[in-house]
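First the structure, which I've put down as structure tokens, then a few questions once you've had a look.
The values are calculated or read from the model by the stated rules, or taken from the named source; none is laboratory data. These numbers come from a predicted model, not from an experiment. Virtual Cβ from ideal backbone geometry, glycine too; neighbours counted across all protein chains shown. Accessible surface is based on the protein model in full, side chains and every heavy atom, while ligands, DNA and RNA are left aside. Shrake-Rupley method; radii C 1.70, N 1.55, O 1.52, S 1.80 Å.
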Amino acid sequence: MESDVVRCYLDHLVTKRNKIIFNNAVMDKDKVWELVKLRSWLLLACKGKQFPYSLYDWSTLPMLCLTGVC
């Protein structure tokens, strides 16, 4: 599960980097982090019953959700 989160994070950073390089975009680290949390939650939630946490839980306590405490 952690590898999915890392993959999502790296994918988003590469996409954002490309927008900065090729479209002169500006990077807002808070917005990037929020989008990474959203995309990783969507990825994990789509896998089925293995990830029963809400987006709110995931956004506020991602490490606890990964360990199953949340």
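Got at least one residue in the range 27-42 being charged (D, E, K, R) and open to solvent by less than 50 Å² (accessible area, probe 1.4 Å)?
Yes, the range 27-42 has at least one match.
Just need a number here: residues in the range 26-51 that are farther than 20 Å from SER3 by Cβ and either at pLDDT below 80 or of a type outside the set (A, V, I, L, M, F, W, C) (or both). Quick ask: steps written out before the conclusion?
So in the range 26-51, the residues farther than 20 Å from SER3 by Cβ come out as 26-31, 34.
From what is left, the residues that are either at pLDDT below 80 or of a type outside the set (A, V, I, L, M, F, W, C) (or both) are 27-31, 34.
Summing the residues that are farther than 20 Å from SER3 by Cβ and either at pLDDT below 80 or of a type outside the set (A, V, I, L, M, F, W, C) (or both) in the range 26-51 gives 6.
Then there is this: Enumerate the pairs (first residue in the range 31-52 and of a type in the set (S, T, N, Q); second residue anywhere and modelled with pLDDT under 80 and crowded, with 17+ Cβ neighbours inside 10 Å) with beta-carbon separation below 8 Å, excluding pairs fewer than 6 apart on the same chain, so at least 6 apart or on different chains.
Sorted first by the residue in the range 31-52, then by its partner, the pairs are SER40/VAL5; SER40/CYS8; SER40/TYR9.
Run PHE51 past the list (1) open to solvent by 100 Å² or more (accessible area, probe 1.4 Å); (2) more than 13 Å from the chain's Cα centre (by Cα); (3) not basic (Lys, Arg) and report the number of the one that doesn't hold.
All conditions pass for PHE51, except number (1).
Answer with yes or no whether TRP58 is surrounded by 12 or more Cβ atoms within 10 Å (Cβ to Cβ) and in contact (Cβ under 8 Å) with a residue 12 or more places away in the chain.
yes
May I pose another question? Since LYS19 meets every condition but one in (1) under 13 Å from the mean Cα position of the chain (by Cα); (2) surrounded by 12 or more Cβ atoms within 10 Å (Cβ to Cβ), which condition does it not meet?
Checking LYS19 against (1) under 13 Å from the mean Cα position of the chain (by Cα); (2) surrounded by 12 or more Cβ atoms within 10 Å (Cβ to Cβ), the one that fails is (1).
A further question on this structure: Using the structure shown, decide if SER3 is of a type in the set (S, T, N, Q), under 16 Å from LEU66 (Cβ atoms), open to solvent by less than 90 Å² (accessible area, probe 1.4 Å) and at pLDDT below 80.
Considered against the rule, which asks whether it is of a type in the set (S, T, N, Q), under 16 Å from LEU66 (Cβ atoms), open to solvent by less than 90 Å² (accessible area, probe 1.4 Å) and at pLDDT below 80, SER3 comes out as yes.
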